Amino acid sequence: MRRLFGLMAVAALVAAFLALASCHGSGGRSIYALPGGFLGGSLLPYVEGADAGNVPLTFSADQGAYYHGDMSLGAWDDVSAGGFVFVNDTTAFDIWNDAAGSYYDDFAMLDTNGDTYADFVNVSMRAMSTAAAETEIGVGYAKIGGAAYQPDDLWVENMNLYLPINQAFYDRAVTVYKWQPAHSASQAGQSGGMWTPLTGVQYSVRAHPYSGFANYYVVEVLNYTGFLGEFGVFILYHQAGAGGT
């Protein structure tokens, strides 16, 4: 696991996004062979994890708890190259539920002075849950990447996510979905749920922004705002002899 304070100012990143190939081939289908090295034919890459550690926040005049440092802060998984970035003076966090008049989840522990704002956060990335990993979005699609960003109920504003993907499919057009666990499922062992399209944000497959992973591609989700959770990356996928026209 790799944590970097010296990341380029991600707020100013102007990435030359890859021109993503669309589905093509006979009858409008693309046929891809299963790559080797993936147990049980799974297309998901192995994810070990990334951790930011305890990161102090700065309370701002606009009533936000912001990450403030000399530069943006990135945390990366040495295995999958996935991770996330707190953009300096841009990424903020909210732990107080105005409607309920209480803290989200058990986030009172992040508020050391009792003013209802987070004084520090500890964000991590892990492999997605079994339920999310084993659930697809429909015939003709395959999940080729994704990860769980924790804590699930932490509200973030303008945080950049870097979803790990199976490198064999870096040149395919992708769609990102967010996992919605069933209400009866516990966070420790989610037993069900569904994928819903991630909307309102910009994302794209791109070469890794950190030079230490120069040979990797990731899905960059820029300025994600919402609750953390599990995110999956899907492509159109048809095995030989299957699929529609």
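If you scan the stretch 150-173, which residues turn out to be more than 26 Å from TRP96 (Cα to Cα), open to solvent by less than 20 Å² (accessible area, probe 1.4 Å) and aliphatic (A, V, I, L, M)?
Result: LEU163, ILE165.
Quick check: anything in the stretch 135-149 surrounded by fewer than 20 Cβ atoms within 10 Å (Cβ to Cβ), touching a residue at least 60 places away in the same chain (Cβ under 8 Å) and among the small types (Gly, Ala, Ser)?
Yes.
Does any residue of the stretch 188-197 turn out to be among the small types (Gly, Ala, Ser), in contact with a helix residue (DSSP H, G or I) (Cβ under 8 Å, 6 or more places away or on another chain) and at pLDDT 95 or above?
no
Of all the residues that make up the stretch 194-216, how many are touching a residue at least 60 places away in the same chain (Cβ under 8 Å) and assigned to a strand (DSSP E or B)?
Here the count works out to 5.
Can you tell me which residue within the stretch 174-187, out of those that are over 15 Å from GLY229 (Cα atoms) and either open to solvent by less than 50 Å² (accessible area, probe 1.4 Å) or at pLDDT below 95 (or both), is nearest to the chain's Cα centre (by Cα)?
Start the filter on the stretch 174-187 by keeping residues that are over 15 Å from GLY229 (Cα atoms), which leaves 174-175, 184.
Retained after the next criterion (residues that are either open to solvent by less than 50 Å² (accessible area, probe 1.4 Å) or at pLDDT below 95 (or both)): 174, 184.
Values: VAL174: 14, SER184: 24 Å.
Once the filter is applied, the top-ranked residue is VAL174.
The values are calculated or read from the model by the stated rules, or taken from the named source; none is laboratory data. Note that the structure is a prediction, hence the values are computed from the model and not measured. Cβ: placed from backbone, ideal geometry, glycine included. Neighbour counts: every protein chain shown. Surface accessibility is based on the protein's heavy atoms, side chains included, excluding ligands, DNA and RNA. Shrake-Rupley method; radii C 1.70, N 1.55, O 1.52, S 1.80 Å.
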